[in-house]
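The values are calculated or read from the model by the stated rules, or taken from the named source; none is laboratory data. Computed from a predicted model, the values in this text were never measured in an experiment. As a convention, Cβ positions derive from the backbone with ideal geometry for all residues, glycine included, and neighbour counts pool all protein chains shown.
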Amino acid sequence: MAITTTVKKMILFVITTLTVLMGTSSATIYKVGDSDGWTAKEDTYYSWAYPKEFHVGDSLVFDYDRNINDVTQVLGALEYHFCDSSSPKAVYKTGQDVVTLTEPGFHYFISSNHSQCSSGQKLDVLVIHDPSRPVPPPPPSKILPFGKMYKVGDSKGWKVYNSDFYYKWSEEKLFHVGDSLLFEYANEVNDVLEISGDLEFKFCDPTSPIAVHKTGQDLVKLTKPGVHYFISSEPGHCEAGLKLRVVVAPAAVPKFSPIDRFISWLRTFRHHH
Ligand SMILES: *[C@@H]1O[C@H](CO)[C@@H](O)[C@H](O)[C@H]1NC(C)=O
């Protein structure tokens, strides 16, 4: 026990020192399990997580079959060890969940499906807070209603495919404020520019973008209603169809749980008396 704690402290110290020296500055999005996603698989999530450095502000994307799985964040190492999902810290179940790591320390994720968890569907990550990096704002889900995440182009991702592929992809969907778009691509050959208007979109003009993303796994939260435009700035790519226009409707009406209704009822009661 004591040895494990000392080792963990040493690892923490080394990682913290390295990070300060390297001075990395932007938040990273990790897809848990890479192409395998979140499932019971032969290789362990320990070997997936161990070589990585997680920082406050980074996010984990859990991609899985929600018919048999979920993402249950548990409080401690014991619950993690025994696959005990009876008193979770948080439960995610959309099948594509983005979890932002907002606190330093160990974080434990399991599947509440006991047989899946017992066969290795469990992840613990050590999150480091580097004082030289700015503390990110609280996760948008606390401000905005809970949204859906769309992977742009689905399994095709973000790359030149054909001229109306992304047009059709977005046309079939109904986006709301609070939803997010995940752009996945090879970042040596592509990027994602958010641009401001119809004309820039029509003529693939990358000269005055609102935002530039280039990690290869960019999560873009749709925070305002209206039309949003995304293009690739690589010469020829946008012209060949790598351009996305999404129409975003105001936030979907949040569904209140019975507890929320009870609380709001209590408030009304107090106002009247
Ligand atoms: C748990 O996972 C197994 C596959 O390992 C699946 O057959 C079963 O239906 C799942 N149970 C639940 C409650 O989702």
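Tabulated data for the structure shown
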| read-out | value |
| --- | --- |
| Cross-chain or 6+ apart pairs with Cβ under 6 Å, the range 223-250 first and surrounded by 13 or more Cβ atoms within 10 Å (Cβ to Cβ), then of a type in the set (D, E, K, R) | Y229/R245; F230/E194; I231/K243; S233/D191 |
| Filter result (crowded, with 22+ Cβ neighbours inside 10 Å and either more than 18 Å from the chain's Cα centre (by Cα) or not aliphatic (A, V, I, L, M) (or both)) within the range 192-202 | L193, I195 |
| Answer from S111, S86 - the residue that is in contact (Cβ under 8 Å) with a residue 12 or more places away in the chain and farther than 21 Å from A27 by Cα | S111 |
| Residue count for the range 185-208, restricted to those that are part of a strand (DSSP E or B) and touching a residue at least 40 places away in the same chain (Cβ under 8 Å) | 2 |
| Qualifying residue in the range 109-123 (condition: more than 16 Å from the ligand (Cβ to nearest atom) and surrounded by fewer than 19 Cβ atoms within 10 Å (Cβ to Cβ)) | no |
| Residue match in the range 4-14 (condition: at pLDDT below 95, in a loop (DSSP other than H, G, I, E, B) and outside the structural domain of L182 (by TED's automatic domain parsing)) | no |
| Extreme residue, nearest to V98 (Cα to Cα), among residues of the range 196-225 that are of a type in the set (G, A, S) and out of contact with any strand residue (DSSP E or B) (no Cβ under 6 Å at 6 or more places or on another chain) | G216 |
